[in-house]
Every structure is written in C-alpha cells, then in structure tokens.
Amino acid sequence: MSRLSFSIAWIAVLALFLSASFVACGDDDDDNNDADVDDDTASPADDDVDDDVDDDVNDDSDDDVDDDVNDDVDDDADDDTTILDCPAVIARQPYLQNVTQTSINVLWQTDEEADALVEWGQTEELGQYVNNDEMKIRHDLQIDGLEPGARYYYRVRSCLDVTDIASFQTAPDDDSPFNFVAFGDNQSGYEIFAQIAPMMVAEHPHLAISVGDTVDDGWQKEDWDQQLFGPAQDLWRETPLYIATGNHEGLAPYLFSDFHFPCNDREYYYFVYGNVFFLALALDTIHITLPATPQYRFMVDALSSDEAQNADFRVVFFHTPPWTEGWVGYDGEWMVRTFIVPVMEQYGVDVYMNGHTHDYERGLRNGVTNYIIGGAGGGLDSWARDVEHITEYYAVHHYLSVKVDGPTMTLDAVGLDGEIFDTWQITRNGD
C-alpha cells in the first residue's frame with residue numbers, strides 16, 4: 001500500500017473542517033466522556049477479587065448485570081465486584097492513556113462482551129477498585145484521586161480473566177525530572193518494532209509519543225493488534241501512549257474508539273507533563289490547517305496560552321514534515337512550511353517531531369529544533385536532497401530517548417543495536 005495519497009476530495013475535507021466546532025482543551029480531569037467510569041473507588045475490593053464471589057460462582061444470577069446495576073442504593077460493596085461466570089477473555093492487554101497528576105485511564109479489550117474492573121493501590125496488595133458492570137468489548141476506566149509523581153500498581157479483570165499486576169506513575173510536579181520515548185512509522189514493519197519496543201521498556205519511560213503511522217491500515221482492526229498493541233504490550237501496560245494521527249490511520253474509527261486523548265478526544269490536543277507543554281496536531285495529508293480553520297485556531301490558542309508560555313519547554317508532534325532530505329519525489333509539505341512553521345517559531349516551540357519519511361533527520365531553524373523519527377519499523381527511505389538547516393541524516397531504524405531535568409532536555413537517537421548514534425541538548429537560560 002502506498003504511503004502517500006494526494007488525491008484528496010478537497011470539497012469533502014473542507015466541509016468536514018468547516019462543520020467542526022472549536023472547543024478549547026479544558027481540565028484534563030474533565031475530559032473523560034466515556035460512560036465506563038464508575039465512581040465506586042471509595043470501597044476497596046479484597047486483595048483477591050476471587051474471595052468476593054459467592055460460594056457457588058456459577059449461581060450468582062441475582063448479582064449479574066441488570067438495568068439498575070450502577071444504582072447507588074445497594075450498600076453491599078461485594079455486589080460491585082462479583083465475578084461473572086462468563087466466557088470472555090482479555091484479547092488486548094491493558095494500556096494507559098491520558099495521565100495527569102491525579103488521574104489516569106486504563107483501557108483494554110475482550111474477545112466478547114464482559115464486565116470491567118481495575119484493582120489498584122500504592123502497593124501490590126492493591127486494595128482499591130473502579131468498575132463497570134456494563135457488558136462491553138472495549139473497556140475504559142478512569143482512576144481518580146491519585147497523588148502527583150507517585151507509582152501505583154494495578155490489574156484488570158473481565159469475567160473470569162485477570163491480568164498480572166503492572167504499575168504506572170502519575171505526572172510529576174513541575175520541577176521533577178522525567179523521561180519519555182518517541183517513535184514513528186512502525187506500521188507494517190512490526191518485526192522491527194518488536195525489537196525496538198523492549199529497548200523502550202528498559203528505559204522505564206514516563207510517556208511514549210508516536211508521530212503517526214502506527215499501523216499499515218487504520219481501518220483493519222487486526223493491524224492495530226499485530227503492529228502496535230501486540231509488539232509493545234509490555235510498554236503500553238506501564239507507559240501512557242500519545243499518538244499523532246498519520247495518513248495510515250487517517251480518520252479510521254479505531255483511532256477514536258480505542259484511545260482516550262485529552263481535549264475531548266479530538267485528533268489534535270495538548271497536555272502538560274512536568275515542565276513540558278506537549279501539542280499534538282493532526283497533519284496527515286488528509287487534515288488541512290489553514291488560517292481560520294478550527295485546528296489552526298486551536299494551535300494558536302494552545303501555543304499562546306499561559307500553560308504553554310509558562311512551561312520550560314514546548315514540544316509539538318505531528319506526522320508530515322515541512323522539509324525532508326529523504327524520499328525521492330517528496331520534499332515535505334508546503335502547507336506545513338507556510339502556515340505551521342511560522343506559528344511554532346513565533347510562540348517559541350523548542351522542538352517539533354515528525355514522521356512520514358522513513359529515516360532519521362535533525363535540524364535547527366530559527367531557534368526551533370526539528371526531527372524526523374520515522375524509523376520504528378517501516379521500510380527505510382534513501383537520501384534524496386540537501387536541506388540547508390537539516391544537519392543530521394541516517395537511514396536507520398531507531399527511536400528517540402528524551403530526558404528532561406529542570407532547564408535541560410537531552411535527546412538521544414537510539415539504533416537497533418541499542419547504541420546512541422546522535423545526541424542533542426536544549427537548555428533554557430531562565431527566560
């Protein structure tokens with residue numbers, strides 16, 4: 001399948017954008033629109049939920065889901081964690097989304113309809129839970145009331161199937177050091193991505209960022225499991241994942257049904273983690289961002305906001321690059337060069353990251369560091385042209401390892417052999 005399609009139905013696309021309404025990104029904790037969340041966290045479950053079942057696990061029809069399952073008049077906490085003797089099993093292991101200082105979303109999928117429960121706590125004894133008895137295949141539960149920069153343990157259960165205990169860390173205070181990993185274009189090269197994922201796991205990153213094309217065909221559910229969730233399930237169960245949509249995801253429904261992004265689950269959004277402001281844009285050859293379009297207004301409002309301007313660093317990530325030295329016949333996106341880059345330069349973006357071209361590139365233009373990190377699995381492109389401000393080019397599979405410590409951000413490019421082949425440091429001067 002070709003990576004690039006410029007045959008866009010412009011009238012339809014323009015109609016899509018003109019019909020969209022602009023909504024500012026509010027408090028992250030208010031952006032959970034999924035009905036899965038049950039505020040039943042006050043009554044802890046037993047360390048082993050199996051102990052809460054009736055002596056005859058097959059004879060609990062009175063406790064099964066009914067129309068009033070979430071009715072708060074039931075004072076028996078055991079009713080909320082009764083294990084249903086149903087055949088569903090967990091088909092997609094838990095993965096983390098939308099972490100804040102006080103909350104996080106845990107998502108997973110079952111092979112058929114099932115209930116959902118997350119046990120969690122500050123030790124492996126767990127002791128607290130959040131649940132939903134509605135029978136579904138896609139499960140999304142939010143854990144609230146957490147402490148900033150703290151590690152928590154959790155496991156999920158649907159029907160009789162229970163996962164192993166994993167852990168996550170909430171967003172830290174503004175001045176706390178943290179690290180994150182970034183990658184792009186793993187798509188059909190999942191054998192390569194399966195080698196990169198364990199290296200990212202070994203870094204115990206606080207966040208993972210994708211610049212898009214995480215799958216070959218976003219409209220095929222099996223691609224999501226085979227190319228993204230399967231090879232890196234050990235990473236996603238402990239590291240929140242943030243995705244910028246690529247042209248291979250496009251507007252596929254799975255991008256919206258299987259993820260829980262900030263800013264009302266739109267395909268473009270922002271969030272603050274530590275002392276860094278992150279902005280994800282949907283620039284994927286389908287979306288357009290011209291002045292007066294909703295995404296353009298969102299971008300300007302986000303980058304000019306107090307949250308962005310008061311952060312030590314501003315990081316923007318999206319799929320299609322404005323310039324590229326790789327890929328014969330493609331030199332980047334003129335609309336990104338014309339309309340996006342000037343805004344990033346105006347509002348002091350420190351670094352932006354792209355994919356689409358399958359290579360590694362780094363440059364510096366008007367004080368803004370730019371990366372192409374499209375080497376997480378897809379077939380590699382070759383060098384095609386010289387771009388004056390791009391000074392590093394490698395046609396290698398890789399990922400980006402980023403460490404943030406106060407006023408210093410260190411970015412290391414790591415190859416398949418685990419060695420750093422390029423490093424760059426950005427230091428704030430107290431401005």
Candidate set from region 79-130 (those that are of a type in the set (Ser, Thr, Tyr) and touching a residue at least 40 places away in the same chain (Cβ under 8 Å)); member that is farthest from residue 236 (Cα to Cα): 81
Within region 224-267, count every residue that is closer than 25 Å to residue 167 by Cα and part of a loop (DSSP other than H, G, I, E, B). 12
Filter region 191-202 down to residues that are open to solvent by 50 Å² or more (accessible area, probe 1.4 Å) and under 18 Å from the mean Cα position of the chain (by Cα), then give me how many there are. 1
Would you mind stating whether residue 365 is within 24 Å of the chain's Cα centre (by Cα) and among the basic types (Lys, Arg)? no
With the checklist (1) closer than 17 Å to residue 210 by Cα; (2) open to solvent by 30 Å² or more (accessible area, probe 1.4 Å); (3) touching a Pro at 6+ places or on another chain (Cβ under 6 Å) in hand, flag the one item residue 405 doesn't pass. (1)
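Yes or no, residue by residue, for (1) open to solvent by 10 Å² or more (accessible area, probe 1.4 Å); (2) without any contact (Cβ under 8 Å) to a residue 60 or more places away in the chain; (3) farther than 30 Å from residue 314 by Cβ:
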{"position": "215", "(1), (2), (3)": "no, yes, no"}
{"position": "225", "(1), (2), (3)": "yes, no, yes"}
{"position": "230", "(1), (2), (3)": "yes, yes, yes"}
{"position": "233", "(1), (2), (3)": "yes, no, yes"}
{"position": "237", "(1), (2), (3)": "yes, no, no"}
{"position": "254", "(1), (2), (3)": "yes, yes, no"}
{"position": "260", "(1), (2), (3)": "no, no, no"}
{"position": "267", "(1), (2), (3)": "yes, yes, no"}
{"position": "271", "(1), (2), (3)": "no, no, no"}
Could you tell me whether region 318-329 includes any residue that is among the hydroxyl-bearing types (Ser, Thr, Tyr) and open to solvent by less than 50 Å² (accessible area, probe 1.4 Å)? yes
Could you list, in sequence order, all residues of region 361-390 that are in contact with an Asp or Glu (Cβ under 9 Å, 6 or more places away or on another chain), closer than 19 Å to residue 350 by Cα and open to solvent by 30 Å² or more (accessible area, probe 1.4 Å)? 365, 366, 367
Return a yes/no flag: does region 326-346 have any residue that is under 15 Å from the mean Cα position of the chain (by Cα), within 24 Å of residue 403 (Cβ to Cβ) and in contact (Cβ under 8 Å) with a residue 12 or more places away in the chain. no
Among strands (runs of 3 or more DSSP E) entirely within region 352-431, at least 2 residues that are aliphatic (A, V, I, L, M) occur in 368-373, 398-405, 408-415, 420-427
Within region 345-356, identify whether any single residue is open to solvent by 30 Å² or more (accessible area, probe 1.4 Å) and touching a Gly at 6+ places or on another chain (Cβ under 6 Å), and answer yes or no. no
Of the conditions (1) surrounded by 22 or more Cβ atoms within 10 Å (Cβ to Cβ); (2) farther than 21 Å from residue 170 by Cβ; (3) more than 14 Å from the chain's Cα centre (by Cα); (4) touching a residue at least 60 places away in the same chain (Cβ under 8 Å), residue 299 satisfies every one except a single condition; which number is it? (4)
What is the number of the single condition among (1) of a type in the set (Asp, Glu); (2) surrounded by fewer than 21 Cβ atoms within 10 Å (Cβ to Cβ); (3) closer than 20 Å to residue 373 by Cα that residue 307 does not meet? (3)
Counting only residues in region 203-223 that are in a loop (DSSP other than H, G, I, E, B) and of a type in the set (S, T, N, Q), the one farthest from residue 400 (Cα to Cα) is identified as 220
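The values are calculated or read from the model by the stated rules, or taken from the named source; none is laboratory data. These numbers were taken from a predicted model, which means no experiment stands behind them. Note: ideal-geometry Cβ built from the backbone for every residue, glycine included; neighbour counts use all protein chains shown. SASA here: full protein model, heavy atoms, side chains in, ligands and nucleic acids out. Shrake-Rupley method; radii C 1.70, N 1.55, O 1.52, S 1.80 Å.
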